[in-house]
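K.L.:
This structure is in C-alpha coordinates; I'll ask about it shortly.
The values are calculated or read from the model by the stated rules, or taken from the named source; none is laboratory data. Remember, it's a predicted structure, so these values are computed and weren't measured experimentally. To get the accessible areas, we keep the full protein, side chains included, count just its heavy atoms, and leave off ligands, DNA and RNA. Shrake-Rupley method; radii C 1.70, N 1.55, O 1.52, S 1.80 Å.
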Amino acid sequence: MNAFGHIRQDSPLPKEAAAPLIAQHTHPGLLIQLSGPVPYQEAWALQQRLHDERLAGTRPDILLLLEHQPVYTMGRRTESAHIGLGETALRQRGATVQTVNRGGSITYHGPGQLVGYPILQLSRYAQGPKAYVRLLEDVLIGTLALWGVEGHRVEKNPGVWVRFDQREAKIASIGIRIDRGITLHGFALNVDLDLTPFSHIMPCGLAECRTTSLAELRHTSVSITQVAEQIAEIFSGLFKISWTHLSAEEMESELEVRPFTCSDMKEA
(Lines give C-alpha, C1' and ligand atoms only; values in the text may rest on other atoms or scores of the structure.)
Protein backbone atom coordinates (compact mmCIF):
# COMPACT_ATOMS: atom_id res chain seq x y z
CA MET A 1 0.00 0.00 0.00
CA ASN A 2 1.31 3.44 -0.89
CA ALA A 3 -0.11 6.90 -1.52
CA PHE A 4 -1.71 5.61 -4.70
CA GLY A 5 -3.40 2.57 -3.15
CA HIS A 6 -2.85 -1.15 -3.77
CA ILE A 7 -1.07 -1.79 -7.06
CA ARG A 8 -1.46 -5.04 -8.95
CA GLN A 9 1.78 -6.27 -10.42
CA ASP A 10 0.29 -7.89 -13.54
CA SER A 11 -1.74 -5.04 -15.02
CA PRO A 12 -2.28 -1.30 -14.78
CA LEU A 13 -5.12 0.01 -12.69
CA PRO A 14 -8.20 1.18 -14.57
CA LYS A 15 -8.45 4.90 -15.22
CA GLU A 16 -11.02 5.26 -12.48
CA ALA A 17 -8.40 4.22 -9.90
CA ALA A 18 -6.67 7.58 -10.27
CA ALA A 19 -9.82 9.50 -9.27
CA PRO A 20 -8.85 9.92 -5.58
CA LEU A 21 -5.77 11.84 -6.73
CA ILE A 22 -7.89 14.70 -8.04
CA ALA A 23 -8.03 17.40 -5.43
CA GLN A 24 -10.07 20.58 -5.53
CA HIS A 25 -8.68 22.51 -8.47
CA THR A 26 -7.70 26.13 -8.10
CA HIS A 27 -6.07 26.96 -11.44
CA PRO A 28 -7.21 26.59 -15.05
CA GLY A 29 -4.82 24.91 -17.46
CA LEU A 30 -4.46 23.97 -21.11
CA LEU A 31 -3.59 20.39 -22.02
CA ILE A 32 -2.04 19.97 -25.47
CA GLN A 33 -1.09 16.57 -26.89
CA LEU A 34 0.62 16.56 -30.29
CA SER A 35 0.55 13.55 -32.58
CA GLY A 36 4.12 12.72 -33.28
CA PRO A 37 6.84 12.17 -33.60
CA VAL A 38 7.58 15.91 -33.69
CA PRO A 39 10.93 17.39 -34.83
CA TYR A 40 12.69 18.96 -31.87
CA GLN A 41 13.01 22.39 -33.48
CA GLU A 42 9.26 22.57 -34.11
CA ALA A 43 8.49 21.66 -30.50
CA TRP A 44 11.03 24.17 -29.23
CA ALA A 45 9.52 26.94 -31.36
CA LEU A 46 6.09 26.05 -29.97
CA GLN A 47 7.41 26.06 -26.40
CA GLN A 48 8.87 29.53 -26.91
CA ARG A 49 5.64 30.86 -28.36
CA LEU A 50 3.53 29.41 -25.56
CA HIS A 51 6.03 30.73 -23.00
CA ASP A 52 5.70 34.25 -24.42
CA GLU A 53 1.91 33.98 -24.36
CA ARG A 54 1.91 32.67 -20.80
CA LEU A 55 4.22 35.50 -19.75
CA ALA A 56 1.88 38.01 -21.38
CA GLY A 57 -1.12 36.46 -19.63
CA THR A 58 -2.90 35.47 -22.84
CA ARG A 59 -2.62 31.73 -22.04
CA PRO A 60 -3.23 29.80 -18.82
CA ASP A 61 -0.67 27.33 -17.49
CA ILE A 62 0.03 24.62 -20.06
CA LEU A 63 1.13 21.00 -20.23
CA LEU A 64 2.43 20.03 -23.68
CA LEU A 65 2.75 16.26 -24.27
CA LEU A 66 4.42 14.74 -27.33
CA GLU A 67 6.92 12.32 -28.82
CA HIS A 68 10.05 13.49 -30.62
CA GLN A 69 11.74 12.34 -33.76
CA PRO A 70 15.17 10.89 -32.80
CA VAL A 71 17.23 13.64 -31.20
CA TYR A 72 20.04 14.05 -28.70
CA THR A 73 19.70 17.21 -26.60
CA MET A 74 22.70 18.64 -24.78
CA GLY A 75 22.01 20.70 -21.66
CA ARG A 76 24.24 23.25 -19.99
CA ARG A 77 26.30 20.65 -18.10
CA THR A 78 27.21 18.54 -21.12
CA GLU A 79 30.91 17.74 -21.38
CA SER A 80 32.71 16.29 -24.39
CA ALA A 81 33.11 12.95 -22.59
CA HIS A 82 29.32 12.69 -22.20
CA ILE A 83 28.73 12.73 -25.97
CA GLY A 84 30.18 9.26 -26.37
CA LEU A 85 30.50 8.48 -30.07
CA GLY A 86 30.63 12.17 -30.95
CA GLU A 87 28.13 14.44 -32.67
CA THR A 88 28.98 13.31 -36.20
CA ALA A 89 28.54 9.63 -35.36
CA LEU A 90 25.26 10.32 -33.59
CA ARG A 91 23.92 12.11 -36.66
CA GLN A 92 25.07 9.28 -38.91
CA ARG A 93 22.81 6.98 -36.87
CA GLY A 94 19.77 8.98 -37.86
CA ALA A 95 19.36 11.42 -34.98
CA THR A 96 19.70 15.17 -34.82
CA VAL A 97 21.84 16.81 -32.13
CA GLN A 98 20.64 19.97 -30.42
CA THR A 99 22.23 22.24 -27.83
CA VAL A 100 19.51 23.42 -25.43
CA ASN A 101 19.32 25.90 -22.55
CA ARG A 102 17.96 23.55 -19.89
CA GLY A 103 19.92 22.15 -16.99
CA GLY A 104 21.59 18.74 -17.06
CA SER A 105 23.72 16.96 -19.61
CA ILE A 106 22.98 14.98 -22.78
CA THR A 107 19.99 12.69 -23.22
CA TYR A 108 18.07 11.02 -26.02
CA HIS A 109 14.46 11.50 -27.15
CA GLY A 110 12.68 9.36 -29.71
CA PRO A 111 9.42 7.68 -30.70
CA GLY A 112 7.89 5.72 -27.85
CA GLN A 113 9.15 8.13 -25.21
CA LEU A 114 6.59 10.52 -23.70
CA VAL A 115 7.95 14.04 -23.32
CA GLY A 116 6.19 16.63 -21.18
CA TYR A 117 6.80 20.36 -21.36
CA PRO A 118 4.96 22.21 -18.56
CA ILE A 119 4.79 25.96 -19.19
CA LEU A 120 3.71 27.27 -15.81
CA GLN A 121 3.96 30.25 -13.52
CA LEU A 122 6.31 28.57 -11.05
CA SER A 123 5.35 30.63 -7.99
CA ARG A 124 1.83 29.15 -8.08
CA TYR A 125 3.10 25.63 -7.44
CA ALA A 126 6.55 25.57 -5.85
CA GLN A 127 8.93 27.74 -3.85
CA GLY A 128 11.76 27.17 -6.30
CA PRO A 129 13.26 24.90 -8.97
CA LYS A 130 14.16 22.07 -6.58
CA ALA A 131 10.64 21.84 -5.19
CA TYR A 132 9.27 21.97 -8.73
CA VAL A 133 11.52 19.10 -9.85
CA ARG A 134 10.28 17.02 -6.91
CA LEU A 135 6.69 17.64 -8.00
CA LEU A 136 7.53 16.43 -11.51
CA GLU A 137 9.18 13.36 -10.02
CA ASP A 138 6.02 12.73 -7.99
CA VAL A 139 3.93 12.84 -11.18
CA LEU A 140 6.18 10.27 -12.84
CA ILE A 141 6.42 8.01 -9.78
CA GLY A 142 2.64 8.07 -9.46
CA THR A 143 2.19 7.17 -13.11
CA LEU A 144 4.60 4.23 -12.86
CA ALA A 145 2.73 3.00 -9.79
CA LEU A 146 -0.41 2.63 -11.89
CA TRP A 147 1.51 0.04 -13.92
CA GLY A 148 2.83 -1.81 -10.88
CA VAL A 149 6.30 -0.28 -11.20
CA GLU A 150 8.00 1.26 -8.16
CA GLY A 151 9.92 4.36 -9.13
CA HIS A 152 12.17 6.30 -6.79
CA ARG A 153 14.60 9.20 -6.57
CA VAL A 154 18.38 9.00 -6.48
CA GLU A 155 20.08 11.71 -4.44
CA LYS A 156 21.54 14.56 -6.53
CA ASN A 157 20.37 12.94 -9.79
CA PRO A 158 17.04 14.46 -10.91
CA GLY A 159 14.67 12.06 -12.61
CA VAL A 160 13.10 8.73 -11.73
CA TRP A 161 14.85 5.41 -11.24
CA VAL A 162 13.83 1.77 -10.76
CA ARG A 163 15.55 -1.38 -9.54
CA PHE A 164 16.15 -3.66 -12.52
CA ASP A 165 18.34 -6.78 -12.53
CA GLN A 166 19.71 -5.90 -9.09
CA ARG A 167 20.89 -2.43 -10.10
CA GLU A 168 19.60 1.09 -10.61
CA ALA A 169 18.16 1.95 -14.00
CA LYS A 170 16.87 5.33 -15.14
CA ILE A 171 13.38 5.38 -16.61
CA ALA A 172 12.67 9.12 -16.69
CA SER A 173 14.79 12.24 -17.03
CA ILE A 174 14.09 15.81 -15.96
CA GLY A 175 15.71 19.01 -17.19
CA ILE A 176 14.14 22.41 -16.67
CA ARG A 177 14.64 26.12 -17.14
CA ILE A 178 12.89 29.02 -15.42
CA ASP A 179 12.66 32.15 -17.59
CA ARG A 180 11.07 35.23 -15.97
CA GLY A 181 9.16 33.01 -13.59
CA ILE A 182 7.73 30.72 -16.28
CA THR A 183 8.94 27.13 -16.69
CA LEU A 184 10.36 25.60 -19.87
CA HIS A 185 11.55 22.11 -20.88
CA GLY A 186 10.43 19.35 -18.52
CA PHE A 187 10.48 15.54 -18.34
CA ALA A 188 10.82 12.47 -20.55
CA LEU A 189 9.42 9.05 -19.60
CA ASN A 190 10.63 5.95 -21.43
CA VAL A 191 7.40 4.14 -22.28
CA ASP A 192 7.95 1.78 -25.22
CA LEU A 193 11.00 2.66 -27.31
CA ASP A 194 14.27 1.34 -28.68
CA LEU A 195 16.81 1.93 -25.90
CA THR A 196 19.87 1.38 -28.11
CA PRO A 197 20.51 5.12 -28.74
CA PHE A 198 21.20 5.63 -25.04
CA SER A 199 24.20 3.29 -25.34
CA HIS A 200 25.90 5.73 -27.71
CA ILE A 201 26.20 8.45 -25.05
CA MET A 202 26.72 8.92 -21.32
CA PRO A 203 23.07 9.62 -20.40
CA CYS A 204 22.69 12.64 -18.11
CA GLY A 205 26.48 12.68 -17.79
CA LEU A 206 26.41 9.57 -15.57
CA ALA A 207 28.99 6.85 -16.17
CA GLU A 208 27.50 3.36 -16.56
CA CYS A 209 23.98 4.76 -16.42
CA ARG A 210 21.60 2.02 -17.43
CA THR A 211 18.30 3.05 -18.97
CA THR A 212 15.07 1.09 -19.12
CA SER A 213 11.47 1.54 -20.21
CA LEU A 214 8.02 0.70 -18.95
CA ALA A 215 7.63 -1.86 -21.73
CA GLU A 216 10.93 -3.56 -20.82
CA LEU A 217 9.96 -3.78 -17.16
CA ARG A 218 6.52 -5.21 -17.92
CA HIS A 219 7.70 -7.49 -20.75
CA THR A 220 4.93 -6.26 -23.04
CA SER A 221 4.03 -3.34 -25.27
CA VAL A 222 2.60 -0.30 -23.53
CA SER A 223 0.23 2.31 -24.97
CA ILE A 224 1.86 5.73 -24.90
CA THR A 225 -1.60 7.29 -25.32
CA GLN A 226 -2.78 5.64 -22.11
CA VAL A 227 0.35 6.72 -20.25
CA ALA A 228 -0.14 10.29 -21.49
CA GLU A 229 -3.68 10.32 -20.13
CA GLN A 230 -2.51 9.00 -16.78
CA ILE A 231 0.27 11.59 -16.54
CA ALA A 232 -2.14 14.40 -17.37
CA GLU A 233 -4.57 13.20 -14.71
CA ILE A 234 -1.98 12.80 -11.97
CA PHE A 235 -0.38 16.13 -12.93
CA SER A 236 -3.83 17.70 -12.61
CA GLY A 237 -4.25 16.33 -9.11
CA LEU A 238 -0.81 17.16 -7.74
CA PHE A 239 -0.60 20.65 -9.25
CA LYS A 240 -4.32 21.36 -8.68
CA ILE A 241 -4.94 22.30 -12.30
CA SER A 242 -8.20 21.74 -14.17
CA TRP A 243 -7.45 20.93 -17.81
CA THR A 244 -9.26 22.26 -20.84
CA HIS A 245 -8.17 21.82 -24.43
CA LEU A 246 -8.67 23.27 -27.88
CA SER A 247 -10.19 21.38 -30.78
CA ALA A 248 -7.81 20.02 -33.41
CA GLU A 249 -8.94 22.70 -35.86
CA GLU A 250 -8.40 25.51 -33.36
CA MET A 251 -4.96 24.20 -32.41
CA GLU A 252 -3.81 23.91 -36.02
CA SER A 253 -4.83 27.47 -36.79
CA GLU A 254 -3.72 29.06 -33.51
CA LEU A 255 -0.46 27.22 -32.88
CA GLU A 256 0.61 26.79 -36.51
CA VAL A 257 2.30 23.43 -36.06
CA ARG A 258 2.09 20.16 -37.93
CA PRO A 259 -1.17 18.15 -37.64
CA PHE A 260 -1.85 16.88 -34.14
CA THR A 261 -4.54 15.41 -31.96
CA CYS A 262 -5.82 16.63 -28.65
CA SER A 263 -6.15 14.29 -25.69
CA ASP A 264 -9.68 12.92 -25.45
CA MET A 265 -9.53 13.06 -21.66
CA LYS A 266 -12.53 14.76 -20.19
CA GLU A 267 -11.89 17.86 -18.18
CA ALA A 268 -10.93 16.79 -14.67
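K.L.:
State, to one decimal in nm², a quarter of the convex hull surface area for the C-alpha atoms of the range 19-142, i.e. the direction-averaged projected area.
P.N.:
With every direction weighted equally, the projected area is 9.1 nm².
K.L.:
Run the accessible area of the range 145-208 with a 1.4 Å probe and give the carbon-and-sulfur part as a rounded percent.
P.N.:
Exposed carbon and sulfur together represent 46 percent of the surface.
K.L.:
Okay, next question. Sorted by accessible area (1.4 Å probe), largest first, how do ASP192, ASP61 line up?
P.N.:
I get ASP192, ASP61, largest accessible area first.
K.L.:
Another one. Extension gain ARG91-GLU168, at 0.36 nm per residue separation less the Cα-Cα distance, in nm?
P.N.:
That pair, ARG91 and GLU168, stretches by 24.9 nm at full extension.
K.L.:
Let me ask something additional. State, as an integer percentage, the relative contact order of the range 106-190 based on alpha-carbon contacts under 8 Å between residues 6 or more apart.
P.N.:
36
K.L.:
A further question on this structure: Looking at the range 89-221 only, what percent of DSSP beta bridges run antiparallel? Nearest 5 please.
P.N.:
The antiparallel fraction comes to roughly 95 percent.
K.L.:
Counting only heavy atoms of the protein chains, get the accessible area per residue of the range 132-221 (1.4 Å probe) and round it to a whole Å² value.
P.N.:
41
K.L.:
For the range 46-104, which whole percent of the accessible surface, found with a 1.4 angstrom probe, sits on carbon and sulfur atoms?
P.N.:
44
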